[in-house]
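I have a structure here, written as structure tokens, and I will follow up with some questions on it.
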Amino acid sequence: MRFLIKGGTIVDPVAETLTESDVLVANGLIVETGKELKDPEAAVIDATGRYVCPGLLDMHVHLREPGYEYKEDIQSGTRAAAMGGFTAVACMPNTNPVADNAAVISFIKQKARHAAVGVYPIGALTKGSQGKELTEMADLKAAGAVALSDDGQPVMDAGTMYRVMQYAAMLGLTVISHCEDLSLAAGGQMHEGAVSTMLGLKGIPAAAEEVMVARDILLAEATGCRLHLAHISTEGSVRLIREAKARGIKVTAEVTPHHFTLTDEAVQGFNTNAKVNPPLRRQADVEAVKEGLRDGTIDVIATDHAPHAYYEKDVEFQYAPNGLVGLETAVGLVFTRLVQPGILTVPQAVAKLSWHPRQVLGLPGGRLTPGAVADITVIDPNLSEVVDPAKLQSKSKNTPFARWKLTGLPVMTMVNGNIVMQERRLLV
Amino acid sequence: MNERDLKEKAQILDDKGMRRALVRIAHEIIERNKGVENVALIGVRRRGVPLAQRLAKYISDIEGTTVPVGILDITLYRDDLTTLANQPQVHQTEVKFPVTGKKLVLVDDVLYTGRTVRAALDAIMDLGRPEVVQLAVLIDRGHREIPIRADYVGKNVPTSRKEVISVRLTEIDGEERVVILEGTE
Amino acid sequence: MFWQRKDLLGLRQLTPEEINLVLDTAVPMKEIIGRKIKKTPTLRGRSVVTLFYENSTRTRSSFELAAKFLSADTVGLSASGSSVAKGESLRDTGLTLTAMGVDVVVMRHPASGAAEYLARCIPAAVINAGDGTHEHPTQALLDMFTIREKKGSLAGLKVAIVGDILHSRVARSNIWGLTKMGAEVRVVGPATLLPPDIEQMGARVYTEVEAALEGVDVVNVLRIQLERQQQGLFPSLREYSRLFGINQKRLELTAPDALIMHPGPMNRGVEIDPQVAYGNRSVINEQVTNGVAVRMALLYLLTGGEHNAISH
């Protein structure tokens, strides 16, 4: 199958350039880029007025399979990813059983063969993510794990985290840390501040995240391990990361669309779809993570896509699980909240969604160069849509963005030279 | 129906007529009860209250004896609470004397369906057990829906159900007269 | 002015006019409680369920008496011994009660926001009888009724709330209600038991009890739970009592006719000296009577006609 994507603007996230150029795709690879390309056999895709981007990668997704298929599975989760313009996702190991051994990683890889987009499993740091014994990291790597994390279950013991990082560094694996000191966060339901006081919900102080960010930066410095800090949410964390980077420590960081968009005010009315960990913070924190995105302190935008069945969220606030679905609203939020207001240029935004996450995980791709695999996302910066939870491809509909109008949406997702989504319709 | 949407059809009583009617009722109360020993007046909120106070004054002028006056709010005893659009505001019942063994005269401005009096009787019974309860009204306009009659009537006024009787008292309305109102259509 | 809300979930949402309507309606209700025959037929045929997921003898009996004085039928459901204990969701419990024809659900629940959640699930009126550490609106209304009765008005008064503000739904509802009515609210307690940014609710924050009591018209003393010591939130009841206990000496700092209130049950000798609790400025027992009156008023207002359907 040959495709000629005509009339669009190619986004190069590395050179940070926008170039009006056609793209010719054949046999799953990018053949050629340039103006006025012609190929009589190729199906022409009109991309006039649209951005032709290297395929986006969401490096923080919960696909829930195996174990929680009622929330999401690899098939439904990757369909959501395709709809959201992602050509690949990295999935977190907090499944049941936990992806702490090669068998679970292999199972995910095998299931992913028929998935709509690429799937890169992340292995656990400790057995059962219990924070005690190290996993067989070499085995995990051999089976296809692209990084290691105990996401959702922070490694509380500093000594264990120290050894985890020493061992992962030996194998050249990135450790992704979910920074949360459980003794500070204990029982917390939302950000600790004026809103938690008014609602009478136990708060999670910003310090619960920041002390762990500080700890893990020091441990990364001590061990030389590549550290990636997941879902950073506070002003203090951004400052610590900025300082660490200035000192040359191998640390990268991500922020979610909900953390650069929403504040703890979204919880008012006990909205369980705004219950997420780390919690939605103050406006000052939102401004700080946006500044971190702008000045490059924060490398990656990832969704922390965390599906939960409607009945799990349809309960009293404190009984609801943390998390929200993000795959299908991410690009819209990036364009509406970051690109349009001028916080990020289009190449910068695309870099945080494609090039940087690939660099963090050591994956190829991320640029539209001849010979590269044809993973391509086309984004229409002027297309608007109102978010309708019922229409989400994910099995779960737990989004706080219902009825939000988003402008700047993915209009084509091409994986390995196959179109999986076109003009907001799934083809798989 | 709001009184503002109605137009005045006729005046039934002027201030002098009202005074004459009340003085006559005061005489009748004294006569019927052979004096006013053990008699107490209970005004039904709102316009029954100033009427009861006036009757007490006339009785005192005639007999030289003061009769106690209580105030009854019947809101909590209404039989139409479930059908009204909004809960009517409840006001306080102020009956400072024991009603048990008393000869009570309930006082209200207009006797119509009888439902207000029914509610007032229930409210009184919750306060104690009077010896007798009598009913005094300034206007009886007919159309009873339950078997209740007044013992003392200022004026009988035949009306149609479309009409409204408006008793206006200085204490509440700043004027002293009774009028019939009618819809404008 | 008519009551328009389907539910009473908290004082945060209420307007001063609505608060006044409740307090004004409680005045005639209190007269009924003083009668020999404490009963009116007002809510005949209406049903009120008290759904209590936390034990509370006093609040529950106050609501049940209020309902019975107005002739409503009442049923009490406790978390233990019901389907709740079998893991039924709150929505399903609510729908079951609705299917049985319940008009009002009075709920006490350990989770903040539970009343608001239930109110969204069911058409019946929901009265929040305390949800987690969020709100306890009927307690605050009875506190305000008591203050208004004694002081004539709430505007311009200074009210100190003393104790574990962090875990107190009573404090939160009082802050919302009193500040709306023009009173100044001061909160004082150990730094570990003061929630962050409570100034944004309109309260003034103190950590020194003497400063907080200076010239106040009302002292509302909260219960301190031993459990909080075990959680490491304060060192000992002894030290708590020494720093924050309300005794005769400290009362000299208040306005001379200041009222002493306590939502109960009291830890005598800990947060409040018995001399103060039973002294001539204490209105603690009147609070209990007024609680029934205020709850009668709310039951009356919330069972209004067909059009009482504007939720929240």
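I'd like to check something: does the stretch B:91-103 contain any residue that is surrounded by 16 or more Cβ atoms within 10 Å (Cβ to Cβ) and more than 30 Å from C:K36 (Cα to Cα)?
Looking through the stretch B:91-103, none of the residues is surrounded by 16 or more Cβ atoms within 10 Å (Cβ to Cβ) and more than 30 Å from C:K36 (Cα to Cα).
Can you confirm whether the stretch A:221-228 contains a residue that is away from chain C (no Cβ under 14 Å) and among the basic types (K, R)?
Within the stretch A:221-228, the first condition is being away from chain C (no Cβ under 14 Å), and the residues that meet it are A:221-228.
The next check asks that each one be among the basic types (K, R); those that pass are A:226.
Yes - at least one qualifying residue is present in the stretch A:221-228.
Answer yes if at least one residue in the stretch A:249-269 is within 14 Å of chain C (Cβ to nearest Cβ) and without any contact (Cβ under 8 Å) to a residue 12 or more places away in the chain, and no otherwise.
The answer is yes; a qualifying residue exists.
If C:V105 satisfies all but one of (1) more than 14 Å from every other protein chain (Cβ to nearest Cβ); (2) farther than 18 Å from C:F63 by Cβ; (3) buried (at least 22 other Cβ atoms within 10 Å of the Cβ), what's the number of the condition it fails?
(2)
Another question, then. Please verify whether the stretch B:104-119 includes one or more residues that are surrounded by fewer than 17 Cβ atoms within 10 Å (Cβ to Cβ) and either within 14 Å of chain C (Cβ to nearest Cβ) or in a strand (DSSP E or B) (or both). Steps first, please.
Residues of the stretch B:104-119 that are surrounded by fewer than 17 Cβ atoms within 10 Å (Cβ to Cβ), as a first pass: B:113.
This time we only want the ones that are either within 14 Å of chain C (Cβ to nearest Cβ) or in a strand (DSSP E or B) (or both), so: none.
No, every residue in the stretch B:104-119 fails to be surrounded by fewer than 17 Cβ atoms within 10 Å (Cβ to Cβ) and either within 14 Å of chain C (Cβ to nearest Cβ) or in a strand (DSSP E or B) (or both).
Could you list all residues from the stretch A:407-428 that are over 15 Å from A:L4 (Cβ atoms) and of a type in the set (V, I, T)?
Those that are over 15 Å from A:L4 (Cβ atoms) and of a type in the set (V, I, T): A:T407, A:V411, A:T413, A:V415, A:V420, A:V428.
Taking the stretch A:169-188 as the region of interest, how many residues are within 14 Å of chain C (Cβ to nearest Cβ) and among the hydroxyl-bearing types (S, T, Y)? Please lay out each step first, then the result.
Pass one, the stretch A:169-188, residues within 14 Å of chain C (Cβ to nearest Cβ): A:183-184, A:186-188.
Within this subset, residues satisfying the condition of being among the hydroxyl-bearing types (S, T, Y) are A:183.
Total satisfying the criteria: 1.
Can you tell me which residue among A:L57, A:L4, A:L24 is under 30 Å from A:K127 (Cβ atoms), out of contact with any Cys (no Cβ under 7 Å at 6 or more places or on another chain) and in a strand (DSSP E or B)? Let's see the steps before the verdict.
On the way: A:L4 fails: under 30 Å from A:K127 (Cβ atoms); A:L24 fails: under 30 Å from A:K127 (Cβ atoms).
When all the criteria are applied, what remains is A:L57.
Would you say C:I127 is aliphatic (A, V, I, L, M), within 14 Å of chain A (Cβ to nearest Cβ), buried (at least 22 other Cβ atoms within 10 Å of the Cβ) and under 30 Å from A:V315 (Cα atoms)?
On the way: aliphatic (A, V, I, L, M): yes; within 14 Å of chain A (Cβ to nearest Cβ): no; buried (at least 22 other Cβ atoms within 10 Å of the Cβ): yes; under 30 Å from A:V315 (Cα atoms): yes.
For C:I127, the condition - aliphatic (A, V, I, L, M), within 14 Å of chain A (Cβ to nearest Cβ), buried (at least 22 other Cβ atoms within 10 Å of the Cβ) and under 30 Å from A:V315 (Cα atoms) - is not met.
Identify, from the list C:P137, C:P190, C:P110, the residue that is surrounded by fewer than 24 Cβ atoms within 10 Å (Cβ to Cβ), under 30 Å from C:V75 (Cα atoms) and either under 17 Å from the mean Cα position of the chain (by Cα) or modelled with pLDDT of 95 or more (or both). Full working, then the answer.
Details: C:P137 fails: surrounded by fewer than 24 Cβ atoms within 10 Å (Cβ to Cβ); C:P190 fails: under 30 Å from C:V75 (Cα atoms).
Of the residues listed, the single one that is surrounded by fewer than 24 Cβ atoms within 10 Å (Cβ to Cβ), under 30 Å from C:V75 (Cα atoms) and either under 17 Å from the mean Cα position of the chain (by Cα) or modelled with pLDDT of 95 or more (or both) is C:P110.
I would also like to ask the following. Name the single residue, out of those in the stretch C:20-55 being away from chain B (no Cβ under 14 Å) and touching a helix residue (DSSP H, G or I) at 6+ places or on another chain (Cβ under 9 Å), that is surrounded by the most Cβ atoms within 10 Å (Cβ to Cβ).
Restricting to residues being away from chain B (no Cβ under 14 Å) and touching a helix residue (DSSP H, G or I) at 6+ places or on another chain (Cβ under 9 Å), the top hit is C:V48.
If you don't mind, there's one more thing I want to ask. Which residues, taken from the stretch A:189-218, are more than 10 Å from chain C (Cβ to nearest Cβ) and either surrounded by fewer than 22 Cβ atoms within 10 Å (Cβ to Cβ) or in contact with a Cys (Cβ under 7 Å, 6 or more places away or on another chain) (or both)?
A:A207, A:E209, A:V211, A:M212, A:V213, A:A214, A:R215, A:D216, A:L218
Quick check: anything in the stretch A:316-327 assigned to a helix (DSSP H, G or I), surrounded by fewer than 24 Cβ atoms within 10 Å (Cβ to Cβ), in contact (Cβ under 8 Å) with a residue 60 or more places away in the chain and more than 14 Å from the chain's Cα centre (by Cα)?
Just the residues of the stretch A:316-327 that are assigned to a helix (DSSP H, G or I), to begin with: A:317-319.
Restricting the remaining residues to those that are surrounded by fewer than 24 Cβ atoms within 10 Å (Cβ to Cβ) gives A:318-319.
Next cut, in contact (Cβ under 8 Å) with a residue 60 or more places away in the chain only: A:318.
Those left that are additionally more than 14 Å from the chain's Cα centre (by Cα): A:318.
Yes: the stretch A:316-327 contains one or more residues that are assigned to a helix (DSSP H, G or I), surrounded by fewer than 24 Cβ atoms within 10 Å (Cβ to Cβ), in contact (Cβ under 8 Å) with a residue 60 or more places away in the chain and more than 14 Å from the chain's Cα centre (by Cα).
Is it the case that some residue within the stretch B:116-124 is among the small types (G, A, S), within 24 Å of B:R20 (Cβ to Cβ) and touching a helix residue (DSSP H, G or I) at 6+ places or on another chain (Cβ under 8 Å)? Steps first, please.
We begin by selecting, within the stretch B:116-124, every residue among the small types (G, A, S); these are B:119-120, B:123.
Subset that is within 24 Å of B:R20 (Cβ to Cβ): none.
No, that holds for no residue.
Wholly within the stretch C:120-236, which helices (runs of 4 or more DSSP H) include no fewer than the required count, namely at least 1 residues that are under 18 Å from C:N20 (Cα atoms)? Even if it seems obvious, please write down each step before you answer.
Details: elements: C:137-151, C:169-180, C:209-213, C:226-230.
Result: C:137-151, C:169-180.
Residue under question is C:A72, and the condition is that it be more than 10 Å from chain B (Cβ to nearest Cβ), of a type in the set (G, A, S), in contact with a strand residue (DSSP E or B) (Cβ under 6 Å, 6 or more places away or on another chain) and buried (at least 17 other Cβ atoms within 10 Å of the Cβ); does it hold?
Values: more than 10 Å from chain B (Cβ to nearest Cβ): yes; of a type in the set (G, A, S): yes; in contact with a strand residue (DSSP E or B) (Cβ under 6 Å, 6 or more places away or on another chain): yes; buried (at least 17 other Cβ atoms within 10 Å of the Cβ): yes.
So C:A72 fits the description; yes.
Would you be able to say whether some residue in the stretch B:128-147 is surrounded by fewer than 22 Cβ atoms within 10 Å (Cβ to Cβ), of a type in the set (A, V, I, L, M), closer than 20 Å to B:N38 by Cα and in contact with a helix residue (DSSP H, G or I) (Cβ under 7 Å, 6 or more places away or on another chain)?
yes
Continuing with this model, one more query. Is there a residue being under 18 Å from the mean Cα position of the chain (by Cα) and crowded, with 17+ Cβ neighbours inside 10 Å anywhere in the stretch A:123-139?
To start, the set of residues in the stretch A:123-139 that are under 18 Å from the mean Cα position of the chain (by Cα) comprises A:123-124.
Adding the requirement that they be crowded, with 17+ Cβ neighbours inside 10 Å leaves A:123-124.
Yes, the stretch A:123-139 has at least one match.
Go through the stretch A:274-286 and give me each residue that's closer than 16 Å to A:A306 by Cα and away from chain C (no Cβ under 13 Å).
Initially, the stretch A:274-286 is screened for residues closer than 16 Å to A:A306 by Cα, giving A:274-280.
Result: A:V276, A:N277, A:P278, A:P279, A:L280.
Among the numbered criteria (1) in the same structural domain as A:A82 (by TED's automatic domain parsing); (2) over 29 Å from A:K71 (Cβ atoms), which one does A:T329 miss?
(2)
With the requirement that a residue be of a type in the set (D, E) and surrounded by 15 or more Cβ atoms within 10 Å (Cβ to Cβ), what does the stretch B:1-40 give you? Explain how you work it out, then say what you get.
Taking the stretch B:1-40 first, the residues of a type in the set (D, E) are B:3, B:5, B:8, B:14-15, B:28, B:31, B:37.
Hit for the stretch B:1-40 is B:E28, nothing else.
Right, next: Confirm whether A:E180 is among the acidic types (D, E) and touching a strand residue (DSSP E or B) at 6+ places or on another chain (Cβ under 6 Å). Talk me through it step by step, then tell me what you get.
On the way: among the acidic types (D, E): yes; touching a strand residue (DSSP E or B) at 6+ places or on another chain (Cβ under 6 Å): no.
Criteria not met by A:E180.
Only one of (1) in contact (Cβ under 8 Å) with a residue 24 or more places away in the chain; (2) surrounded by 24 or more Cβ atoms within 10 Å (Cβ to Cβ) fails for A:Y162. Which number is that?
For A:Y162, the exception is condition (2).
Right, next: Among the residues of the stretch A:285-297, count how many are in contact with an Asp or Glu (Cβ under 7 Å, 6 or more places away or on another chain) and more than 11 Å from A:D264 (Cβ to Cβ).
Residues of the stretch A:285-297 that are in contact with an Asp or Glu (Cβ under 7 Å, 6 or more places away or on another chain), as a first pass: A:285, A:288.
When the remaining residues are screened for being more than 11 Å from A:D264 (Cβ to Cβ), the result is A:288.
The total comes to 1.
Within the stretch B:46-78, count every residue that is part of a loop (DSSP other than H, G, I, E, B) and facing chain C (nearest Cβ under 9 Å).
Qualifying residue count, the stretch B:46-78: 2.
Now for a separate question. Here are C:T93, C:T146: which of them is away from chain A (no Cβ under 11 Å), more than 15 Å from C:L14 (Cβ to Cβ) and within 18 Å of the chain's Cα centre (by Cα)?
Working: C:T93 fails: within 18 Å of the chain's Cα centre (by Cα).
So the residue among C:T93, C:T146 that is away from chain A (no Cβ under 11 Å), more than 15 Å from C:L14 (Cβ to Cβ) and within 18 Å of the chain's Cα centre (by Cα) is C:T146.
Any chance the stretch A:43-60 includes a residue that's more than 24 Å from A:F335 (Cα to Cα) and of a type outside the set (A, V, I, L, M)? Even if it seems obvious, please write down each step before you answer.
Pass one, the stretch A:43-60, residues more than 24 Å from A:F335 (Cα to Cα): A:43-44.
After this cut, where a residue has to be of a type outside the set (A, V, I, L, M) as well, the list is none.
No, that holds for no residue.
Output the residues belonging to the stretch C:191-209 that are more than 13 Å from C:G163 (Cα to Cα) and not polar (S, T, N, Q). Walk me through how you get there before you give the answer.
Pass one, the stretch C:191-209, residues more than 13 Å from C:G163 (Cα to Cα): C:196-204.
Once the filter is applied, which keeps residues that are more than 13 Å from C:G163 (Cα to Cα) and not polar (S, T, N, Q), the stretch C:191-209 yields C:P196, C:D197, C:I198, C:E199, C:M201, C:G202, C:A203, C:R204.
I'd like the full set of residues that are farther than 30 Å from A:V146 by Cβ and either assigned to a loop (DSSP other than H, G, I, E, B) or free of Cβ contacts under 8 Å to residues at least 12 places away in the same chain (or both), limited to the stretch A:28-46.
A:K35, A:E36, A:L37, A:K38, A:D39, A:P40, A:E41, A:A42
The values are calculated or read from the model by the stated rules, or taken from the named source; none is laboratory data. What you see is a predicted model; the values in this text were computed from it and never measured. All Cβ positions, even for glycine, are placed from backbone atoms using ideal geometry, and neighbour counts span all protein chains on display.
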